[in-house]
Amino acid sequence: MIHFQEPIIQKIQPDQSFSNEIELSVLREDLLHPFLSGNKWRKLKYNIEDFKHSDKKAIVTFGGKFSNHLVATAAACKLFNIPIIGILRGDENVSNPNLLFLQECGMKLYPISREEYRERHNILFLKNLSEQIVKKFSELNCTSADLFIIPEGGSNPAGVKGCREIMNNIPQETTHICVACGTGSTIAGIAGNILSHQIAVGISVLKAENFMSNSILKHGASLEQIKIFFDYHFGGYAKTKPELLEFCDDYSKRWNLPIEPVYTGKLFFGIMDLIKKNYFPVGSKIVAIHTGGIFDFEKALTNKNLEPNL
Ligand SMILES: *Cc1c(COP(=O)(O)O)cnc(C)c1O
């Protein structure tokens, strides 16, 4: 049995940065579990269920050396006892706490070049890759047909289905649900399960405007109740500026809420700027979703324990 934290909604006290004409709270999806947290667990849940109901023997998935998705998948596969292979973008010989953690969880890493990585949605490429993987990891005793492929980020229909469940923890009177967007599959799930008086507000953490709306439409959501802002990516994915780092530092302390510059820092920077610019009407009840992305690898590597200390 895996222990998941009950949903927590943290109310942010108004101060000089916003008045009490607006309510701001945070749904702490980051606290669900130390490693199966945030939207990455939501996106994995039904993928793992689909795997269990299939006759496949191992999961294959994709990510970079700082990927939150690889972290969540490695931890989930360790806890559910599923063989897992991580296709790693970039073939440089790197070592960081993320990668050590993945390996400690038993994830087999298969690095490929950036050029090859771009082919990750190409069926022929995947077929070839699967053949190489089963050859390289012969101890898995698999054929390529035994591999269950989850796309990067868990962003597929099963992933979007899981993200719909985030809305089960949002109070009905909420007017705006705000979330950081990478591929847009999380906001697609949210918008697919939203009430008629609500708006899903996305803060894009990357530049690609066309990619985002196409990706949301591809995931079956209508754009009617979605508004995405592209003014807060600070130059692109994982790009940052001193102003953003300062914001993360300041607001982490001010609100007692851990945020980081890749996703949730940009989200809250965007929300505070939109409040300042009066985007949210008086009386708005905003719930921001903390999608996770902060892990204590050191603790897990020393304790050799993934589960929360109860
Ligand atoms: C992956 C990720 C996102 C982006 O989710 P998408 O569904 O790709 O839009 C947001 N926040 C965190 C912490 C993430 O790890």
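The values are calculated or read from the model by the stated rules, or taken from the named source; none is laboratory data. All values reported here derive from a predicted model rather than from experimental measurement. Quick reminder, even Gly has a Cβ in these numbers, built from the backbone with ideal geometry, and neighbours come from all protein chains shown. When the accessible area is computed, the model is the full protein with side chains, heavy atoms only, and any ligands, DNA or RNA have been set aside. Shrake-Rupley method; radii C 1.70, N 1.55, O 1.52, S 1.80 Å.
Could you please let me know if F234 is over 20 Å from L36 (Cβ atoms), within 16 Å of the ligand (Cβ to nearest atom), of a type outside the set (G, A, S) and open to solvent by 20 Å² or more (accessible area, probe 1.4 Å)? Taking the combined requirement at face value, the residue satisfies it.
The set of residues from segment 273-290 being buried (at least 18 other Cβ atoms within 10 Å of the Cβ) and in a loop (DSSP other than H, G, I, E, B) comprises just one member, F280.
Within segment 172-190, the set of residues being open to solvent by 20 Å² or more (accessible area, probe 1.4 Å) and more than 16 Å from F230 (Cα to Cα) comprises Q172, E173, T175. Annotation: of all residues in segment 77-91 being among the hydrophobic types (A, V, I, L, M, F, W, C) and over 16 Å from F66 (Cβ atoms), the one that is surrounded by the fewest Cβ atoms within 10 Å (Cβ to Cβ) is F80.
Mind checking whether some residue in segment 291-308 is away from the ligand (no atom under 16 Å from the Cβ), in a loop (DSSP other than H, G, I, E, B) and exposed (fewer than 13 other Cβ atoms within 10 Å of the Cβ)? Looking through segment 291-308, at least one residue is away from the ligand (no atom under 16 Å from the Cβ), in a loop (DSSP other than H, G, I, E, B) and exposed (fewer than 13 other Cβ atoms within 10 Å of the Cβ).
Scanning segment 100-120 for residues that are over 22 Å from L147 (Cα atoms) and of a type in the set (A, V, I, L, M) yields one hit, L100. Do we have any residue at all in segment 256-268 that's part of a helix (DSSP H, G or I) and open to solvent by 80 Å² or more (accessible area, probe 1.4 Å)? No; the residues of segment 256-268 include none that is part of a helix (DSSP H, G or I) and open to solvent by 80 Å² or more (accessible area, probe 1.4 Å). Restricting attention to segment 16-51, the residues that are open to solvent by 40 Å² or more (accessible area, probe 1.4 Å) and touching a residue at least 12 places away in the same chain (Cβ under 8 Å) add up to 7. Scan segment 61-68 and tell me whether some residue there is in a helix (DSSP H, G or I), within 16 Å of the ligand (Cβ to nearest atom) and within 30 Å of L274 (Cα to Cα). Yes: segment 61-68 contains one or more residues that are in a helix (DSSP H, G or I), within 16 Å of the ligand (Cβ to nearest atom) and within 30 Å of L274 (Cα to Cα).
Yes or no, residue by residue, for (1) surrounded by 14 or more Cβ atoms within 10 Å (Cβ to Cβ); (2) in a helix (DSSP H, G or I); (3) away from the ligand (no atom under 16 Å from the Cβ):
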{"site": "N93", "(1), (2), (3)": "no, no, yes"}
{"site": "Y110", "(1), (2), (3)": "yes, no, yes"}
{"site": "E115", "(1), (2), (3)": "no, yes, yes"}
{"site": "L126", "(1), (2), (3)": "yes, yes, yes"}
{"site": "G153", "(1), (2), (3)": "yes, yes, no"}
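For segment 51-81, residues that are over 23 Å from H121 (Cβ atoms) and among the aliphatic types (A, V, I, L, M) total 2. Residues of segment 98-108 being in a loop (DSSP other than H, G, I, E, B) and open to solvent by 20 Å² or more (accessible area, probe 1.4 Å), which ones? Matches in segment 98-108: G106 only. For segment 1-14, which residues satisfy the criterion of being in contact (Cβ under 8 Å) with a residue 24 or more places away in the chain and part of a strand (DSSP E or B)? I9, Q10, I12 - these are the residues of segment 1-14 that are in contact (Cβ under 8 Å) with a residue 24 or more places away in the chain and part of a strand (DSSP E or B). Only residues that are more than 14 Å from A145 (Cβ to Cβ) and in contact (Cβ under 8 Å) with a residue 12 or more places away in the chain were counted across segment 121-131, and they come to 1. Residues that are in a loop (DSSP other than H, G, I, E, B) and in contact with a strand residue (DSSP E or B) (Cβ under 6 Å, 6 or more places away or on another chain) within segment 212-231 comprise Q225, F230, listed in sequence order.
Which one is farthest from the ligand (Cβ to nearest atom) among residues in segment 191-201 that are under 20 Å from E23 (Cβ atoms) and not in a loop (DSSP other than H, G, I, E, B)? This residue is I199. Residues being under 21 Å from C181 (Cα atoms), modelled with pLDDT of 95 or more and part of a helix (DSSP H, G or I) are represented in segment 46-55 by at least one member. Comparison of A145, A158, A188 shows that the only residue that is among the small types (G, A, S), in a helix (DSSP H, G or I) and more than 14 Å from the ligand (Cβ to nearest atom) is A145.
Take the residues in segment 165-181 that are within 30 Å of L88 (Cβ to Cβ) and part of a helix (DSSP H, G or I), then tell me which one is nearest to the chain's Cα centre (by Cα). Steps first, please.
Narrowing segment 165-181 to residues within 30 Å of L88 (Cβ to Cβ): 165-166, 179-181.
Now restrict to residues that are part of a helix (DSSP H, G or I): 165-166.
Details: E165: 14, I166: 12 Å.
Out of the qualifying residues, it is I166.
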